[in-house]
Amino acid sequence: MSKPGSTGGRPHTGNKRFISGVVEGFYGRPWTMEQRTELFKREQKWGLNTYLYAPKDDYKHRMYWRDLYTAEEAEQLIALISAAKQHNVEFIYAISPGLDITFSNPKEAAALKRKLDQVKQFGCRSFSLLFDDIETEMCPADKQAFSSFAHAQVAITNAVYQHLGDPEYFLFCPTDYCAAFCTPTVSQSSYLHTVGEKLLPGIDILWTGPKVVSHKISVESIEEVSSVLKRPPVIWDNIHANDYDPQRLFLGPYKDRSTELIPKLRGVLTNPNCEFYPNFVAIHTLATWCKATPDGGQRDVEMGDEEQDPFYSPQKALTLALTDWLQEFLSTDQPGGRPAARLKKESSDEEPMQTDMGESSYIPGPGENPLYTAEPLTLDDLKLLSDLFYLPYEHGATARTMLQELDWLKTHSWDAAAETDKFSQSVEWRSRAQRFDDMCEAVVQMFNRLSNAPNRSILYDLYNYICDIKSGVGLARAYIKTLGGQGRPSAQPMNDDPEPWGFRGGLSGEFQRMLPCHGNRDLYRHPPMTAVYCIRSYCPEDKMEVERIFTEMKSAGDGRVPLMMQPPLICDSLSTGEISPSPQCGLVLEDEIGVCGYALALIDAKPAAAKIQRAVSDSVLKDFPSLVTIQVLPRVTDPSPAKRMIGQLLSSIRSSGSRGAFCELRQSDRRMLDFYTKLGSVKPIQITGLPEGILAMGTSL
Ligand code: GDL
């Protein structure tokens, strides 16, 4: 590796080389020795120079930090350290003694030195002490010996640093390693001030930015912390870390850190996804970023856009990374692997990427099944994959479009039922539903091509995530099909007895959904609703407004039959105010214009039936003794207020002891018909003698 002071074409801080690379610092299964060696190769190829060994759940890194390595472990570490050297990568060995160290006990300092001496014997020259994620309260012995936690940490770190002979690279991770952890602020943090003043100047300090997972890191924030620490920090960047959420993976580009930061920092180490292979983008784009300096690189972005970094475009860096990654997907990693030979050729002029004409190749005879062939993965597939698993605070463009479309299709679901020739909304709804379906299909196709890719190691690291997104998208797709009236009952996500993949997320998902704030931190924020609705109890003064809505909707229902000629419904007398709803069984919906809907019920439907001389058989009334009616003006495009009202009504009816409720509908009233159908629990029922064009639906309570 380059000697101190040599820059390897990369930026300087003072006369020191800019530290760039990877920290294996996440919780969970550590990478294998083979993966780490592969990492060193990549780092060298892409111009990164450092690897910080800090796997949180490696026993001897943290939990049993005092224990020395066995001969077998030593052999592995020696090989690893030597592999790093071969690839010009600085291997920094980190230890995390903070869970239980007693700072004031000389035996503890001795144990730490003994352990690091052992690693030094393995050929390691660079070290790090980490005090992140630990209890901040000192034990009584330490309280007596040190005036603060910072003093305790600094004392042991300085002692170890000097014991090891002032290594060229020695990193310290403070307990307050981001602005959010500082009390009260970065500039007023006595902890950071002590660290800044007392830590020997040859020791560098790790910092994650404003938060543990920082969305953006600004130049000003780095200037502020540097002045307190009295040195520029090394960024421990958690932008691609995914150890805190098993459903997330980050395949977006390194982003929202201006390249103006580079001369103000001592270095950047990314702590990426727990899965090794999917880190191709995280590390490749960081390498592109590190090279993007006024002296080291060219301008990467057109002049004139103030918002953009002139030397680094995340989009371009992503495309570069994905283009290289595609090649890796397409090369087999299996000894004797065959798949590339059987990938369908994109054009007949092209040679297959790899031929496999081994003895075991089976050639189907006449009339036999042709061999299975898989479409090769494309760059567009990888772009889509990256968009679906982008960054912690941002979805990729396609993911955002899919969420927007789903949201629109949901809020305009009533348009789906509108008659095409009458309402242009329906045409729009259907074409947007088709577009959404196409986007879902692209996800499925991407999944298929990925799962046939020759490189199985990358696939296996991605597998759970791509299955998860495929299922999530599949549910949304089935839902939109159902709204559009094309859903097969078995495909309906909300049927009575769904398979376990119809209710996703396990217990943790259930906990989340039960919390009132569920979803309010979703990355896709709902566009502000234009209307605010209020549901309140019906009172006699609402009679006229309710009747007005009833008349308006009746005439909108079937313009061909004059109002007077339409046969009455049992519930009409409720809507016209001739019969009052039962207690707790009247609701009115208001928006900013005024009353825009109502829901009324009778616990006992008989008097209303009698009023229009409709004979409803006793057997029907036994199962469905109560009657409901609901109407909402077309300006209410959001179906949820109507669902709320019906839910509230049915719950009042149920608490009165009724076994069920029914309603009558005009067949021409497609909107209400659609509404009840989509509720799922309300089903058509047979009532003999209903006039033509009228049907009944009921629900048991
Ligand atoms: C942290 C931990 C790190 C973990 C990351 C993301 C630091 C300094 N420490 O706080 O080990 O991977 O969060 O969960 O970042």
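The values are calculated or read from the model by the stated rules, or taken from the named source; none is laboratory data. Values in this document were obtained by computation on a predicted structure and should not be read as measured data. When we count neighbours, we look across all protein chains shown, and the Cβ atoms used for this are built from the backbone with ideal geometry, even at glycine.
Scanning region 153-174 for residues that are within 15 Å of A110 (Cα to Cα) and more than 16 Å from the ligand (Cβ to nearest atom) yields A155, I156, N158, A159, V160, Y161, Q162, H163, L164. Looking at (1) more than 40 Å from the chain's Cα centre (by Cα); (2) surrounded by fewer than 19 Cβ atoms within 10 Å (Cβ to Cβ), which is the one condition that is false for R654? R654 satisfies every listed condition except (1). Among the conditions (1) over 21 Å from I687 (Cβ atoms); (2) without any contact (Cβ under 8 Å) to a residue 24 or more places away in the chain, the only one that Q613 does not satisfy is (1). In the condition set (1) more than 13 Å from the ligand (Cβ to nearest atom); (2) over 30 Å from T332 (Cβ atoms); (3) touching a residue at least 24 places away in the same chain (Cβ under 8 Å), F280 is compliant with all but (2). Among the residues examined, K622 does not qualify as assigned to a helix (DSSP H, G or I) and either crowded, with 22+ Cβ neighbours inside 10 Å or under 39 Å from the mean Cα position of the chain (by Cα) (or both). Being within 19 Å of R62 (Cβ to Cβ) and assigned to a helix (DSSP H, G or I) is the requirement here; does A83 meet it? No: the conditions fail for A83.
The residue that is nearest to L112 (Cα to Cα), counting only those in region 130-142 that are away from the ligand (no atom under 16 Å from the Cβ) and in contact with a Ser or Thr (Cβ under 9 Å, 6 or more places away or on another chain), is D142.
For the subset of region 187-202 comprising residues that are surrounded by fewer than 22 Cβ atoms within 10 Å (Cβ to Cβ) and not polar (S, T, N, Q), which member is nearest to the ligand (Cβ to nearest atom)?
Y191
Residues to consider are E72, E34, E24; find the one that is assigned by TED's automatic domain parsing to the domain that holds F103 and over 34 Å from the mean Cα position of the chain (by Cα). Going through E72, E34, E24 in turn, the sole match is E72. Number of residues in region 522-572 that are modelled with pLDDT of 70 or more and not hydrophobic (A, V, I, L, M, F, W, C): the value is 21.
Can you tell me which residue in region 1-37 is modelled with the lowest pLDDT, limited to those that are out of contact with any strand residue (DSSP E or B) (no Cβ under 7 Å at 6 or more places or on another chain) and assigned to a strand (DSSP E or B)? The selected residue is H12. Filtering L171, L164 for residues that are of a type outside the set (D, E, K, R), in contact (Cβ under 8 Å) with a residue 60 or more places away in the chain and assigned by TED's automatic domain parsing to the domain that holds S218 leaves a single hit, L171. G680 meets all of the listed conditions (1) surrounded by 21 or more Cβ atoms within 10 Å (Cβ to Cβ); (2) modelled with pLDDT under 90 but one, namely (1). Summed over region 215-242, the residues that are near the ligand (Cβ under 10 Å from one of its atoms) and among the polar types (S, T, N, Q) give a count of 2.
Annotation: of all residues in region 243-254 being buried (at least 21 other Cβ atoms within 10 Å of the Cβ) and not aromatic (F, W, Y), the one that is farthest from the ligand (Cβ to nearest atom) is P253.
The residues on offer are T398, T411, and the sole one that is hydroxyl-bearing (S, T, Y), surrounded by 14 or more Cβ atoms within 10 Å (Cβ to Cβ), closer than 27 Å to Q486 by Cβ and at pLDDT 95 or above is T398. Pairs are defined by a Cβ separation below 6 Å, a sequence spacing of at least 6 or placement on different chains, a first member in region 647-667 that is free of Cβ contacts under 8 Å to residues at least 60 places away in the same chain, and a second member that is part of a helix (DSSP H, G or I); the pairs so defined are G660/D623.
Restricting attention to region 244-266, the residues that are of a type in the set (D, E) and under 13 Å from the mean Cα position of the chain (by Cα) total 1.
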